[in-house]
Every structure is written in C-alpha cells, then in structure tokens.
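FYI, it's all coordinate maths here, none of it is from the lab. None of these values were measured; they are calculated from a predicted model. No Cβ is skipped: glycine too gets one built from the backbone with ideal geometry, and neighbour counts run over all protein chains shown.
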Amino acid sequence: MDAWIFAAGDWRLRNPAGLNVAREIVTLKFGPTLVTSFEDVIDRNEKIVGVSNDHSLLARVASEAQALVGKRGRGRAISAPLSRHAPCHAALEIH
C-alpha cells in the first residue's frame, strides 16, 4: 500500500510511480513533493491516504488506524469503511 500525506498545502508521497499518482496530478492540477519520510508532517497533516487495489487490505488498515487514532485522542476520523475514489483503487482517508 502506498501512502500519501496532504499537509501545509503539499501533497507528499514516497512512490512517484505509485497507483493513480498520474490521475491525482491531473485532478489536483499540481504534482506531489517526493519525500523519503513523513516525519516532519505526520502530526500536523490534513489528510493521510492509503492507496491500494486490495480492498480487504484497506479495510484491515482502516480498522487498525481507527484504533490507533482513537488511542491518541486526536479527534480525527477514519473514512468508513473506505472511500472508493475510482474503480481501479480505493483509498483509506484519515482526516
């Protein structure tokens, strides 16, 4: 599963050849910032997106993420069970 993080007006990702990156560039009308880590924005992100063709994997990750977010008490929401952005993939969103 690839991860995208939206923070401070940037779209950050580690895999520029990942699933649906090209489509997202067209949708957003700007490109991503390639990073090796999300450490600098993980606690102040606007949205974390997990992208995969494996819908059962996304459902498992959504459940685990909800438990982790709940324990941290950050008042954040996990899209339930997952947002399907396109027929070819689904995305787990943490807001």
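The figures follow:
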| quantity | calculated |
| --- | --- |
| Which of V35, V61, V26 has the fewest Cβ neighbours within 10 Å, and the rest in rising order | V26, V35, V61 |
| Around A7: net Lys/Arg minus Asp/Glu count, Cβ-Cβ under 9 Å | 0 |
| FRET efficiency, 1/(1 + (r/R0)^6) with R0 35 Å, evaluated for A67 and A22 via beta carbons | 0.60 |
